[in-house]
């Protein structure tokens, strides 16, 4: 004979931090376990280049997504208040303001961490900044994702940001990173003069998106849209800014558990390039569009990190 005993419903509460602060486990005397999840901040997108007619250039590259850290602790181990630091998103690079000038590089995001005294309970690395648009048909490289114990590196020119950790990718041409749990996407390369180089930055399941690249400029000025944003799971990518008229890229969106990554700014054949979209919740900012007769587009800012703490009774 089998005897089945029904377990009482488990009590679970969720606390989220989007700004730095303090969490006191003693406020939950009924707790048995605390699960801590942290997301590093995303890197900023690169600014778009500016050229005179007859010179090719690329749009700014996207910033890398912030890394992810997760840990589970018995309540008895958390003997005091926890100090929570939320990483700030990396700033977007400035668009070029003079003819035949490259765009500014995006900046690295900040580390997100949870401490018990001096002990690190969870630390999530930031994404690297994307390179500014280049005076070349070649595109600037994307910032790499934050992984493991190493932050994602900033990209410079056509040189990829350094890999976040073993198993990571340093901003490959299609803007992806090796697929393993909780990895984030590296930023996509800037869109070059070749319209076939409009990359997106798609992470593996559960990761933050990298920013898309901004639209480049061919030798004979023609419309080049910004790159479409990446998507974490399902959904429709946010389209890049309209080419030819400097359309702005779309800011990243969070819809439940799905993240729609920031899209790149479009180029402008007779005026300022479009702005790259801003990141959200650890995703990378997108690159700004290139321009003839106006300034290059501003790169989008990376999204700030966050911390979630689940309390189990």
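Please sort 272-281, 36-45, 238-247 by packing, taking for each peptide the average over its residues of neighbouring beta carbons within 10 angstrom, highest first. Kindly include the intermediate steps, with their values, before the conclusion.
Values: 272-281: 33.4, 36-45: 37.3, 238-247: 24.8.
Highest mean packing first, the order is 36-45, 272-281, 238-247.
Expressed as cubic angstrom per residue, what is the convex hull volume of the alpha carbon set of the range 239-309? Write out the running numbers ahead of the final one.
Values: hull volume 3.3 nm³, N = 71.
Expressed per residue, the convex hull around the Cα atoms of the range 239-309 is 46 Å³.
Taking the number of other C-beta atoms within 10 Å as the exposure measure, put 24, 248, 105, 99 in order starting with the fewest.
24, 99, 248, 105
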Problem - Order of 30, 68 - criterion: other Cβ atoms within 10 Å of each residue's Cβ, fewest first - result: 30, 68
Completion exercise
In terms of the alpha carbon gyration tensor, root eigenvalues a ≥ b ≥ c, rounded if a/c is under 1.5 and otherwise prolate when a/b exceeds b/c or oblate, the range 8-90 is prolate
Practice task
Provide the convex hull volume over Cα atoms per residue for the range 34-131, in Å³.
Solution key: 67 Å³
Handout entry: Neighbour-count order for 22, 83, fewest beta carbons within 10 angstrom listed first
Key = 22, 83
Problem - Gyration tensor verdict on the range 78-134 (Cα atoms; rounded if a/c is under 1.5, prolate if a/b is larger than b/c, oblate otherwise) - result: prolate
Problem - Compactness of the range 270-313 - radius of gyration and Dmax, Cα, Å - result: 16.8, 63
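Each value in this text was obtained by applying a stated rule to the coordinates, not by laboratory testing. Everything quoted here is computed from the prediction, not taken from an experiment. Neighbour counts run over all protein chains shown; Cβ positions are idealised from the backbone, glycine included.
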